[in-house]
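Undergrad: Dropping the structure in here first, questions after.
Any read-out appearing in this document is the output of simple, stated calculations on the displayed coordinates, not a laboratory observation. Every value quoted in this text rests on a predicted model; they were computed, and no experiment measured them. Neighbour counts are summed over all protein chains in view; Cβ atoms, including those assigned to glycine, are modelled from backbone coordinates with ideal geometry.
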Amino acid sequence: MAARNSSRLSNLCLLTRRRVLGQATTGAGSLALMNLLARDSRAQDDESADTWQPGSGRTHHVARAKRVLQIFCPGAASHMDLWEHKPALEKRNGQPLPGEENLVSFQGKNGNLMKSPWPFAAAGESGKRISTMLPHMAAHVDDIAFFHGMHSKTNTHGPGCVFMNSGHASEGFPSAGSWTSYALGSENENLPAYVAITDIRGEPPNGKANWTNGFLPARHQAIMMSNQQPIRNLQRPQQITDGTEIESRRLLQQFNTAYADTYPGESELRARVAAYELAGRMQLSAPDVADLSRESDVIHELYGTRDGNSLKAAYARNCLLARRLLQRDVRYVSLYCASRASGVDGLLNWDAHKSLKSDYERHCPIFDQPTAALLTDLKQSGLLNDTLVLWTTEFGRMPTHQAGTAGRDHNPDGFTCWMMGAGIKGCSHGATDEFGRRAEQNPTTVWDFYATVMHVLGFDHERLTWYHNGLDRRLTDVHGSVISEVLA
């Protein structure tokens, strides 16, 4: 008995502080493992129940839209020169901006207030005033919900474009198109669920980060297409027979499937396999969708695809391509009008720092007729009934001119975006102050904007999540409210 007590005492003496902490850590690890096992069990139970599953085509509530067209004008298109009329700018032209007489913004000191170089005119039955530089777009103002109180958290083009596309100013987060692909899945197995159509002038600031899948499975990234750059390598070499290709694909599929099953966590591998399979199907479908010669002369005239302005004609062809993709039930089409900045401000996009008048007299004709034609075509064909159209840019511009120039500097504090189509009514929501400097009435964040987009698509933006790095991530981060005032 004495020996047994002595042994117990010896063991107690060996319980050093380090040993206690070590054993406690082991115990905590066991508890964590139990928690993970329980979580997996609950997940399996949820999957077996009649619950919503991403990519199933089902939604959280009744959807008004089945697909999205997002038209993006990179370079920070000026709201008070396109969409939001500011009579005070005309009255106070050449005077200092009250309260900010010595304002230093993105590129330096600002001068006095500068009115728009072009008059605004009433359009539609609503009498909504927009710039006379957009005569074709004026025909659609009664159907557009203008968000005039938009504001951003960055004044730099690259992060601004990424923020407007993904709800996050840093790269690596899924774009809205990727979230839509994840949520809804594909309706056409022969075409991608998400397509990005780049401008003939190049990619937008930060390039492919604007349509990345981020941490979502790689199959949800956009496929790049455009009329000026057809998808490469779709046609097989002439010496390869049908039988040889079929057998080769079958063998390759066996290898890929076996490897993917061995490494189930490698989503990029499965996405690559899916991409190869999609490429095979696209050998027939993609040339058909990209063949604009099938369209009538009336349609080509409507869009301006044969216009003498080569940049306008190229953008018009991309607009027509966008309609053909939507017609074939591609879920999300991102259409870009302009590209990244160049050595000359405002040459390749809407970044009019030095010469706003000449820059926009170059960009507006490229944008106006083809975009308006696309909206008209969608409406006449009935596609607009279940297609949500977005027009976005990364931020706005100052109501003043940059010191020593006839252009405007960056302004993240107030700008305009808009929606139209399924589930949206024509209206103006929010406003900047009398000069267009800051969002003043009903300020709207990018997260509010996308909360509304997801609502129209049938989703609760707070429930549309993906677990990543310890958090349930979502398009709207931890923010966002649906703007019910714009819903039909």
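Undergrad: Can you run the Rg to Rh ratio on the stretch 167-259? Use alpha carbon positions and the Kirkwood inverse-distance Rh.
TA: 1.06
Undergrad: While we're looking at this one, here's another question. Below 19 Å, Cα to Cα, which lysines can K66 reach? Residues fewer than 8 away in the same chain don't count.
TA: Correct list for K66: K379, K425.
Undergrad: Using modelled backbone amide H atoms (1.01 Å from N, in-plane), which distant-in-sequence or interchain residues come within less than 5 Å of L113's amide H?
TA: Long-range HN contacts for L113: G94, Q95, L97.
Undergrad: So if I average 1/r over every pair of distinct C-alpha atoms in the stretch 146-207 and take the inverse, what Kirkwood radius in Å does that give?
TA: 13.5
Undergrad: So how do 106-119, 70-83, 163-176 stack up, highest first, on mean other-Cβ count within 10 Å?
TA: 70-83, 163-176, 106-119
Undergrad: Additional query: Using the per-residue mean of other Cβ atoms lying within 10 Å as a proxy for protection, in what order, highest first, do the peptides 431-437, 258-264 fall?
TA: 431-437, 258-264
Undergrad: Show me the ranking of peptides 190-198, 382-390 by mean Cβ neighbours inside 10 Å, starting with the highest.
TA: 190-198, 382-390
Undergrad: Here is a further query. Calculated FRET efficiency, S56 and Q229, Cβ-Cβ r, R0 35 Å, to nearest 0.05?
TA: FRET efficiency, S56 to Q229: 0.60.
Undergrad: To make sure I understand the rule: partners must be lysines, Cα under 21 Å from the Cα of K109, and not fewer than 8 residues away in the same chain. Which ones qualify?
TA: Straight-line reach from K109, under 21 Å: K153, K354, K357.
Undergrad: Sort S334, S484 by Cβ crowding within 10 Å, fewest neighbours at the top.
TA: S484, S334
Undergrad: At what distance in nm do the modelled label points of E189 and D329 sit from each other, each positioned 7 Å from its Cα along Cα→Cβ?
TA: 1.1
Undergrad: Take the alpha-carbon centre of the stretch 141-177, take the same for the stretch 324-400, and report the distance between them in whole Å.
TA: Using only Cα atoms to place each centre, the spacing works out to 14 Å.
Undergrad: Rank these for me by crowding, D448, D472, going from fewest to most other beta carbons within 10 Å.
TA: By the 10 Å Cβ count, ascending, the order reads D472, D448.
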